[in-house]
Structure formats: structure tokens, C-alpha cells
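Colleague: The structure is given below, and queries will be raised subsequently.
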Amino acid sequence: MSRKKKGDHVSGWICLDKPIDMGSTEAVTRVRRIFNAQKAGHAGTLDPLATGILPIALGEATKTVPYLMEANKGYSFTIEWGKATASFDREGDVIATSDHRPSQADVIEALKSFVGEIQQIPPAFSAIKVDGQRAYDLAREGIEVELKPRTVTIHSAVAAGFPDEDHAEIEVSCGKGTYVRAIVRDIAQMLGTVAHVSVLRRTLVGSFTQDRSISLEKLAELVQEGDSSGVLLPVETALDDIPALAVTTEDSFRLKQGRSVVLVPRQVEALRERLVPRIVGGLDASRTVLTTHQGQAQALCEFRAGRLNPTRIFHLTES
């Protein structure tokens, strides 16, 4: 007989507006406690010094985390010229200074070089593993590590403002794995100076936007009042670009049992037109389909040879 899990069976996503000076793990713990949820996780670490969108998955939504990890992200940040720190944010020790301040025109022009697929070397203070250890742990111990450049995609990078000669406000839309601190390091080098990130806010993760976000304080207040229906987003929120197919009650039952279902020709043709190449967790997920029944997510399936084979089943009716 299996032991009953502690907590309530709560499933869905919270679009948290993470406050400054709070780690992502602590934020997940706080949200989990607010809901007394059995299970929780997040879709992409946000540094303690950053604020903004931190999608937090509860219950069955944790099964969709890998899909949101692949989503595009948006950032708004401030570059402070003249000081480089070890971590390239305002927390690190100053390691270099410069009196040179780039002009607004030079900054705007330099940003154009960062749009598209570019090679980026992650900062030493990053979560990348080196011989089984996190790079930031090695960096804090004073151990120099050589991180290899990797390809990242930046969709747009624009100057949003110049408060004074020491600061530039930038907005970036980018793909998975992009480091804002590395952008700041590299643009400073290109412009013949040094710099660090003084303010950082994540404004978007996939379909999780600022207008859908909520603070911890407001979330706790609503849950305590029993009014969390508007902030607990559906499990499928992280799957907004995955083809969805409504299935019959009979097919839903088969999928819940882990059995495949055969599609009719019109369903096969409709799905083929909507499939797009995608990699999730390093694996080909271009044939992934979300099945729904009566408006509720049922399962993630692999579409192959006219059949849907369930790979992830959602249990959303348990209490």
C-alpha cells in the first residue's frame, strides 16, 4: 500500500512576479506552502537580484515544465558603465574600471550585432556544470573555469532609454540559454569599456507575461480568501504552441489507461499540417500532441502512423 503524499492535489501554473533578493527555490517553496500543494517546480532559474516572471508549476503541471524551459524569454535591464564585477551584476566584487562612456548612438549600433544566432560564452558565475560541479561554486572558490561558447538566439535587442551617461536601459527578446550578463560583458568589450548589470527584470516566458503575473503577497491573500481561481492557470498554459486535439470519451478513457488511439483520416491530416520541428530536453518532440476532453488536458502523446501514443498522462480529477 503506497503512502499518501502530504499536501493537497493542486495542479496548475502560477505566473509569479518574483521579488528581488529571493532565490527561485525559495519562491517555489513559498508558493507550494501557500497552496499546501503536493508537488511544485519552476521553469527556469531567475537570479536573486532579478525580479519578474518566474513560472511555477504545481502538481500535474510539473509534467509540462520541460516544454516551457524551451520558450522564448524577454528581459528589461540596465547597464551600468565603468565598473566590471566578477559576476557581471551588482553583487560581485569590482574587478575592472574604465572612464570611457559610450555614446547613445554607439550603443544603439552595437546592439545590432547581438541580434540573430550568436556565439556566447556563459559567465563564470552560472549554473552550468563543469566536471559535475556548478560553475558558480567553482568561481566563488576562486577556481578559474573555461566555459565553451554556445549558440544562442536573440530575436531583438533595443535601447529603451539613457537615464544618464553612466546607464543604458535595454530590452531583449531571446531564446533558451541566453545570459543577459554575458550580453553586457560583450557589448562593453565591443565599445571599449567595462560594465555590469545593475537592474534586471524578466518580462516574459512563453505565454507567461507581466499582465498575468502576481506577487507573493497578493497570491497568499487570494488563496486565504478562497479566491485563487483567476491566478491558478491551467496545466496546458505551458503548451500554448503544441497542437491540441479534442478526443471522445472513449478515446480519453483509452489514453488514461496508457493505450494508443487510432485517428480518422481528417484528424491525421489536420495534425500533420500543425506539427512543427521542436526539441524538448534534447529530444525530438516535433510529433507531440496534447489531447483534451471537455476542455481539460488529458495527455501528451506521440503522433505516429495515424495513432496517438500517450507519453505523459495528466491526472486532474483526483482529490
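Colleague: Which one of these does PHE88 not meet: (1) surrounded by 19 or more Cβ atoms within 10 Å (Cβ to Cβ); (2) touching an Asp or Glu at 6+ places or on another chain (Cβ under 8 Å)?
Modeller: PHE88 satisfies all of (1) surrounded by 19 or more Cβ atoms within 10 Å (Cβ to Cβ); (2) touching an Asp or Glu at 6+ places or on another chain (Cβ under 8 Å) except (2).
Colleague: Name every residue in segment 187-208 that is touching a Ser or Thr at 6+ places or on another chain (Cβ under 9 Å), open to solvent by 40 Å² or more (accessible area, probe 1.4 Å) and at negative phi, in order of residue number.
Modeller: Within segment 187-208, MET190, VAL199, ARG201, LEU204 meet the criteria.
Colleague: Regarding LEU255, is this residue over 30 Å from PHE88 (Cβ atoms), modelled with pLDDT of 95 or more and surrounded by 14 or more Cβ atoms within 10 Å (Cβ to Cβ)?
Modeller: yes
Colleague: OK, next. Given the conditions (1) at pLDDT 95 or above; (2) touching a helix residue (DSSP H, G or I) at 6+ places or on another chain (Cβ under 7 Å), which single one is not true for VAL231?
Modeller: All conditions pass for VAL231, except number (1).
Colleague: Follow-up question, since we're still on this one. Failed condition for ALA182, given (1) among the small types (Gly, Ala, Ser); (2) under 29 Å from LEU58 (Cα atoms); (3) open to solvent by less than 60 Å² (accessible area, probe 1.4 Å), with all others met?
Modeller: Only one criterion in (1) among the small types (Gly, Ala, Ser); (2) under 29 Å from LEU58 (Cα atoms); (3) open to solvent by less than 60 Å² (accessible area, probe 1.4 Å) is unmet by ALA182, namely (2).
Colleague: Kindly state which strands (runs of 3 or more DSSP E) lie completely within segment 230-319 and contain at least 1 residues that are within 28 Å of the chain's Cα centre (by Cα) and among the small types (Gly, Ala, Ser). Break it down into steps so the answer makes sense when it comes.
Modeller: Values: elements: 244-246, 288-293, 296-304, 307-313.
Because the criterion is at least 1 residues that are within 28 Å of the chain's Cα centre (by Cα) and among the small types (Gly, Ala, Ser), the strands (runs of 3 or more DSSP E) in segment 230-319 that meet it are 244-246, 296-304.
Colleague: Can I ask one more? Is it true that some residue in segment 235-244 is touching a Pro at 6+ places or on another chain (Cβ under 6 Å) and open to solvent by 60 Å² or more (accessible area, probe 1.4 Å)?
Modeller: no
Colleague: Sticking with this structure for a sec: Residues in segment 258-274 that are open to solvent by 40 Å² or more (accessible area, probe 1.4 Å) and farther than 17 Å from HIS315 by Cα: how many?
Modeller: 9
Colleague: Quick test of your reading of the structure: GLU70 fulfils all but one of (1) touching a helix residue (DSSP H, G or I) at 6+ places or on another chain (Cβ under 9 Å); (2) open to solvent by 10 Å² or more (accessible area, probe 1.4 Å); (3) not polar (S, T, N, Q). Name the failing condition by number.
Modeller: (1)
Colleague: Still on this model: So for segment 241-261 (the condition being under 30 Å from ARG30 (Cβ atoms) and free of Cβ contacts under 8 Å to residues at least 40 places away in the same chain), does at least one residue qualify?
Modeller: Yes, that holds for at least one residue.
Colleague: Would you say ASP47 is touching a Pro at 6+ places or on another chain (Cβ under 8 Å), in contact (Cβ under 8 Å) with a residue 24 or more places away in the chain and either open to solvent by less than 10 Å² (accessible area, probe 1.4 Å) or not aliphatic (A, V, I, L, M) (or both)?
Modeller: It is false that ASP47 is touching a Pro at 6+ places or on another chain (Cβ under 8 Å), in contact (Cβ under 8 Å) with a residue 24 or more places away in the chain and either open to solvent by less than 10 Å² (accessible area, probe 1.4 Å) or not aliphatic (A, V, I, L, M) (or both).
The values are calculated or read from the model by the stated rules, or taken from the named source; none is laboratory data. These numbers come from a predicted model, not from an experiment. Positions of Cβ are generated from backbone atoms using ideal geometry, with glycine treated the same way; all protein chains shown enter the neighbour counts. Just the protein is used for accessible areas: all its heavy atoms, side chains included, with ligands, DNA and RNA removed. Shrake-Rupley method; radii C 1.70, N 1.55, O 1.52, S 1.80 Å.
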